[in-house]
Amino acid sequence: MKMSSANLGIAALLIGACTAISSSQAQTIQPHLSGTVLDPSGLPLAQAHIEFDTGTGQPIASTTGSGGAFETSLPAWGAYIVRAEAAGFAPIKHAIQLNAESEDLTLRFEKVSAATEEVVVNGDVSGIAIEAPDPSQKVLVREQLLDANPGRPGAPISIPGLPIETAAGGIKAPQYFAPGVMADHGEPIAQYIAVGGYLATNNLSANAHGNGYSDPNIYVSGALTGVTTDGGAFNVLEGNHALNLAATYMPRQQITNFVTITGDDRDIDMTAGFAPMNPAKREWVAMEANYGNGLLQDMEHRQMYKVNAQRVFDVGRHEITLFGIAYYGASHEGNLVPIGYGQDLGDTLDPRQMDQTHTALMAADDRWKPGTKDELAFSGFARTYNLALFSNFGEGLIRQSEFRTVEGAQARETHTFTAFLKGMGLQGMAGLDYHEDDIHNDDLDHYPLVNPKIYGSFVKVLSSDIAIRDLTPYAALRGDLGKHVRFYAGFRPDTIELKSNNKMVSADSFDIWSTFLAPKATLAWTPGTGSARWLPSASFSLGQAFFTQDPRISVQGSIAGPTGAAALPSPFERSHSMQLVLEKEFSATDVRVTVARTTTTETLGKIDPDNGTPFDLGPGRLSFLTADVSHQFSGYGSVQAVFSKANAEVLNEFGSDPGWSVNSRWNPTVECPRTIFDGLVTLDKLPLGLHMRGEYEYVGHKILDAANGQNGWKQLEAIPVGETRLALVRTFLDGRLEMGADGMLARGYTGQTTETIAPLASGAPWQVGDGIPYCPIGSGPSGAQNDFDCGSVSGVEWPVGIRMVSFVGGSISWHFRLEK
C-alpha cells in the first residue's frame, strides 16, 4: 500500500513527537547509583565522604552509613571522577564510566594516611556485616611502621589491650594476654590470614609445644595492612580454637617499592618490597632477613628469613587472590629460670636450649560476582610446618618436635535479598568448610645427661602420629529491622575426627568422631538522630565454640599413660560465650564498654611439656569488663586507654590434695591475668619534625599455683609486669632517611609460671655454675624408663620466668625508593 506525501509527513511528525517525549522523560528521570566503601581490610567503613565530579559543575556528594553503603542520584550517565575520604586513611580517586548497565560501585581505601602512624578503629557496634558480624577492633598501619625495634620477633602489630610476651626474644611465637585467659601458646585464641574473603587458619592444633600454636612471626610487618580482633568470636567463618578471641591478619592490597635497613648494637634487619609501577596491577612480594642476639647475657644468634607475596587477578567478574608465605627461623634462647636468680644463672638453666622452625603456605580465593545480588567464592590453602625445640624448665633438657601438613578448602555463597519493606534489608551466606591437620612424629623426648656441652642420647617420652579432620557446613543471615535494629544469626555444626596413633602405648590410640553445634547470634541497636540520640549504641552477642585438646592425652577410659596419670573424658573442649558492648562517640572521642562471660566444659585439660603428664583442669568460667576510650586529634595523632578486669576460675571436682578441705571447689585459674591496662599515644606534629609513639602495658596480679606440699603450702603468685615503650623518629631527604631513638623501661618477668626444679645434693632447688638440673629416668610415679618427674623425688615447685630487660637504642633506616 502506498502512502501519500501528506500521510508520510504526519507519520514523521508523530514519530518525532514520540521520540522527543521519550527523550524528555528519560532526561527527567535521574540515574540512581548505590555502592559500598571498604577499609583496607575489606570491611565496610562508616562515615566515608564520596564525591562524583564531571568537571563541569558542583560535585555530587554522599556519605556512607554504618554498613558502609551509600546511595546517590546522578544528573546523567557518563564519565565521572570519584573521590573518597575518611578519617585516618589516604584519600582515593578514580576515573569511572557509568551507564545503565553499571553494577553497584565498590570503593576501597588502600592505606592509612601518611600523617598517622597507626589508626585504631573500633567497629561500630551497630555496623553488622555478614563476614564480620561482631563488634571488633581494627589496628591499621602505614607501610613504614613507626615502631620500636622492627626486626625483633613478636607480634608484627601492637594490639591495644592485648599485651604479648615472648621467650627472651627468640623465634618462639609470642603469647597473647586476653583478660582472664591463660597465655599458653594462644590456646583459646584463633588466628587467621585474610586472603580475599577467605580466612586461612594460622592455628596449629595439638602442637608438640603444647595444646596449640599460632605464630605471627611468619609475617613481614610492612606487608600487613593491619589486624582485626573479634573479642566474642561470634562468626560462622571462625572454627576450631575460637573460644573467646579471634585475630585476623590482613595483607596489603598494594605496596610501594622499598628497601629498609634498620640496626642497632643488638639487631640488624633488612626488609624489601617490590611491586609493579602500574597501581592497577595488585601484586607484590616482600622479604625480610634478620639477625640478632637479644637482650639477655647468653647470645641468641637468632636468624629469621621471611617471604610474603600476593597477587590479585581481575578476570571478568572474578577476583582471584593468591597469597604465599615462606619462613625459616633458628635461635638459641634463654628460658625460664627461678625468679630472682636470672643474672646469677646467666639467664638460662641450660645453654643447650634452642629452637628451629620453618613453614611454607599457599592460599587462594576466587570471589565471583555473577550478578549484583550474588557472590560465590571458592577457596583453599596448603601448608607445611616443622618444629624442633630444646628446652629445660628445671627437670632436664627435653626436645619437642614434629612435622605436619595442613590443607583446607571452602565454598560459599552470599546473596542479598530484595527488600520487601523499606529499611528491611536481608543478606544471607552459606558454605562448606573442610580442614585437615596431619601431624607426623609429634614427639617429646627427654635428655637425662647433665653435661651442658652435649646432647647425648635421649629417652622417648611421648610419640604419636595424629590426624585432625573437620567438615563443616555453615549458614548465616544478616538483616535490618528498620533504621535502628540489625541482627546476625549463624549456625556451624562442626563434624570433627581426631585420630591419634600412640606409637609407644598402642592401647592409648583412639579415633573419635564428634559433632559440635556452634550457634552464633548478634543483635545491635543504634539510637539514630532522634530523641534517643544521647543513648549509646548497643550490641549483644552469644554463641558456642569448641577447642581441640592435645590428643596425646589418654582419653575414653583407655589405660593409664606412661606417667600413671588418669585418662581424660574427651579430647575436645566446648565453650559458651555471651558479650554486651556499649559504645558512644562524642567530640572525636569514642567510649566503649564490654562485659563478657565464657564457660568451658569439664573436658578442659593440658599436658605438662616437661614430662608428658596430663592434667584434668575441670570446667571453668570467665567473666570480664573492659573499658576502652580513644580520641583522634585531626592530623596530630591519637590517644587510647584500655582497662580490663577479669575473674577466671576452674571447678576442681576431685581435690585429693590434703591441703583442700573439700572435694569440689572453685579455684582461681592459674596464669590468668586479672588486670590489664594499656595506654597508647601517637603524636605526629611535634617540634623539629619529630613523630612519637609511646605505649604502656601492665599485666597485674596472677595466681601461679595453689598451696600444696611441693611449694611449702604457700600460694604462688606472679609479679605484676609493666612495660613502657617509647619511639621518636625524624625523617630527612623527603622521607628516604629515617633516624630514630627507642627504648623500653621494663620490670618483672615474662612467661611467669611454676616448675618443679630438680633437687641437688646441696639441698637447694638449683645451683649457680655448671650444675644443670635434671630428673633421672624412671623417677616418675610409674617407674618406667620413659617416665620422669621431679615431683616424685621431692622436687621443689618454684616460680620461674624470663627476666625482662630495659634498654635504650637507636636506629637508622634508608628507604630506597624506585620511582616511575
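The values are calculated or read from the model by the stated rules, or taken from the named source; none is laboratory data. For clarity, every value in this text was computed on a predicted model and none was experimentally measured. No Cβ is skipped: glycine too gets one built from the backbone with ideal geometry, and neighbour counts run over all protein chains shown. Protein only, heavy atoms only, side chains kept; ligands, DNA and RNA dropped before computing areas. Shrake-Rupley method; radii C 1.70, N 1.55, O 1.52, S 1.80 Å.
Within the stretch 768-795, the set of residues being among the hydrophobic types (A, V, I, L, M, F, W, C), at pLDDT 80 or above and open to solvent by 30 Å² or more (accessible area, probe 1.4 Å) comprises Ile777, Ala784. Taking the numbered list (1) under 32 Å from the mean Cα position of the chain (by Cα); (2) at pLDDT below 75 in turn, Glu717 passes all entries but (2). Within the stretch 216-238, restricting attention to residues that are more than 12 Å from the chain's Cα centre (by Cα) and open to solvent by 10 Å² or more (accessible area, probe 1.4 Å), the residue that is farthest from Leu296 (Cα to Cα) is Leu237.
For the stretch 351-384, the candidate set comprises residues that are among the small types (Gly, Ala, Ser) and touching an Asp or Glu at 6+ places or on another chain (Cβ under 9 Å); within that set, the residue that is nearest to Leu33 (Cα to Cα) is Gly371.
Sort out which residues of the stretch 699-739 are over 14 Å from Ser813 (Cβ atoms), charged (D, E, K, R) and surrounded by 13 or more Cβ atoms within 10 Å (Cβ to Cβ), and write them in order of number. Hits for the stretch 699-739 are Lys702, Asp705, Glu717, Glu723, Arg725. Annotation note: Cβ proximity below 9 Å between a residue of the stretch 447-471 that is farther than 24 Å from Ala758 by Cα and without any contact (Cβ under 8 Å) to a residue 40 or more places away in the chain and a residue that is surrounded by 18 or more Cβ atoms within 10 Å (Cβ to Cβ) and aliphatic (A, V, I, L, M) (sequence gap 6+ or interchain) occurs for Asp465/Ile439; Ala467/Ile439; Ala467/Leu498; Arg469/Ile496; Arg469/Leu498; Leu471/Ile496.
Within the stretch 550-559, the presence of a residue that is closer than 28 Å to Gly490 by Cβ, among the hydroxyl-bearing types (Ser, Thr, Tyr) and either open to solvent by 30 Å² or more (accessible area, probe 1.4 Å) or at pLDDT below 90 (or both) is excluded. For the stretch 246-264, a residue qualifies if it is open to solvent by less than 10 Å² (accessible area, probe 1.4 Å) and either assigned to a loop (DSSP other than H, G, I, E, B) or modelled with pLDDT under 85 (or both), and exactly one does: Arg252. One residue alone among Ala46, Ala69, Ala79 is open to solvent by 50 Å² or more (accessible area, probe 1.4 Å), among the small types (Gly, Ala, Ser) and under 22 Å from Arg478 (Cβ atoms), and that residue is Ala69. More than 27 Å from the chain's Cα centre (by Cα), at pLDDT 80 or above and closer than 29 Å to Ile164 by Cβ: does that describe Leu686? It is true that Leu686 is more than 27 Å from the chain's Cα centre (by Cα), at pLDDT 80 or above and closer than 29 Å to Ile164 by Cβ. Residues in the stretch 284-305 that are open to solvent by less than 20 Å² (accessible area, probe 1.4 Å) and either closer than 22 Å to Leu361 by Cα or among the β-branched types (Val, Ile, Thr) (or both): 5 in all.
Within the stretch 428-449, is there a residue that is out of contact with any Cys (no Cβ under 7 Å at 6 or more places or on another chain), part of a strand (DSSP E or B), among the hydrophobic types (A, V, I, L, M, F, W, C) and open to solvent by 20 Å² or more (accessible area, probe 1.4 Å)? Yes, there is a match, as at least one residue in the stretch 428-449 is out of contact with any Cys (no Cβ under 7 Å at 6 or more places or on another chain), part of a strand (DSSP E or B), among the hydrophobic types (A, V, I, L, M, F, W, C) and open to solvent by 20 Å² or more (accessible area, probe 1.4 Å). Within the stretch 264-293, the set of residues being over 15 Å from Gly154 (Cα atoms), among the aliphatic types (A, V, I, L, M) and either in contact with a His (Cβ under 9 Å, 6 or more places away or on another chain) or without any contact (Cβ under 8 Å) to a residue 40 or more places away in the chain (or both) comprises Met270, Ala272, Ala275, Ala280, Val285. Residue selection: Ala364 satisfies the criterion of being touching a residue at least 24 places away in the same chain (Cβ under 8 Å), assigned to a strand (DSSP E or B), touching a Gly at 6+ places or on another chain (Cβ under 9 Å) and not hydroxyl-bearing (Ser, Thr, Tyr).
The condition (being small (Gly, Ala, Ser), open to solvent by 60 Å² or more (accessible area, probe 1.4 Å) and under 21 Å from Lys369 (Cβ atoms)) is satisfied by just one residue among Ala100, Ala95: Ala100. Got at least one residue in the stretch 678-685 being over 25 Å from Ser813 (Cβ atoms), open to solvent by less than 20 Å² (accessible area, probe 1.4 Å), acidic (Asp, Glu) and touching a residue at least 40 places away in the same chain (Cβ under 8 Å)? Within the stretch 678-685, one or more residues are over 25 Å from Ser813 (Cβ atoms), open to solvent by less than 20 Å² (accessible area, probe 1.4 Å), acidic (Asp, Glu) and touching a residue at least 40 places away in the same chain (Cβ under 8 Å).
Close Cβ contacts (under 6 Å, 6 or more residues apart or on different chains) running from residues in the stretch 248-263 that are over 25 Å from Val195 (Cα atoms) to residues that are open to solvent by 20 Å² or more (accessible area, probe 1.4 Å) comprise Thr260/Thr271; Ile261/Met270; Ile261/Trp814; Thr262/Pro150; Thr262/Ser811. Any residue in the stretch 315-330 that is in contact with a strand residue (DSSP E or B) (Cβ under 9 Å, 6 or more places away or on another chain), more than 19 Å from Leu296 (Cα to Cα) and of a type in the set (Lys, Arg)? The answer is yes, given that some residue of the stretch 315-330 is in contact with a strand residue (DSSP E or B) (Cβ under 9 Å, 6 or more places away or on another chain), more than 19 Å from Leu296 (Cα to Cα) and of a type in the set (Lys, Arg). Just one of the listed residues (Phe633, Phe654, Phe643) is within 28 Å of the chain's Cα centre (by Cα), modelled with pLDDT under 85, open to solvent by 20 Å² or more (accessible area, probe 1.4 Å) and hydrophobic (A, V, I, L, M, F, W, C), and it is Phe633. Considering the stretch 471-484, the residues that are at pLDDT below 90 and over 16 Å from Thr418 (Cβ atoms) include one that is least open to solvent (accessible area, probe 1.4 Å), namely Gly482. In the stretch 485-532, of all residues being outside any strand (DSSP E or B) and in contact (Cβ under 8 Å) with a residue 60 or more places away in the chain, the one that is nearest to the chain's Cα centre (by Cα) corresponds to Thr526. Can Leu523 be described as loosely packed, with under 14 Cβ neighbours inside 10 Å, hydrophobic (A, V, I, L, M, F, W, C) and modelled with pLDDT of 90 or more? Answer is no for this residue. For the stretch 272-283, check the following and say yes or no: at least one residue is open to solvent by less than 10 Å² (accessible area, probe 1.4 Å) and either in a loop (DSSP other than H, G, I, E, B) or within 24 Å of Leu542 (Cβ to Cβ) (or both). Scanning the stretch 272-283, I find no residue that is open to solvent by less than 10 Å² (accessible area, probe 1.4 Å) and either in a loop (DSSP other than H, G, I, E, B) or within 24 Å of Leu542 (Cβ to Cβ) (or both), so the answer is no.
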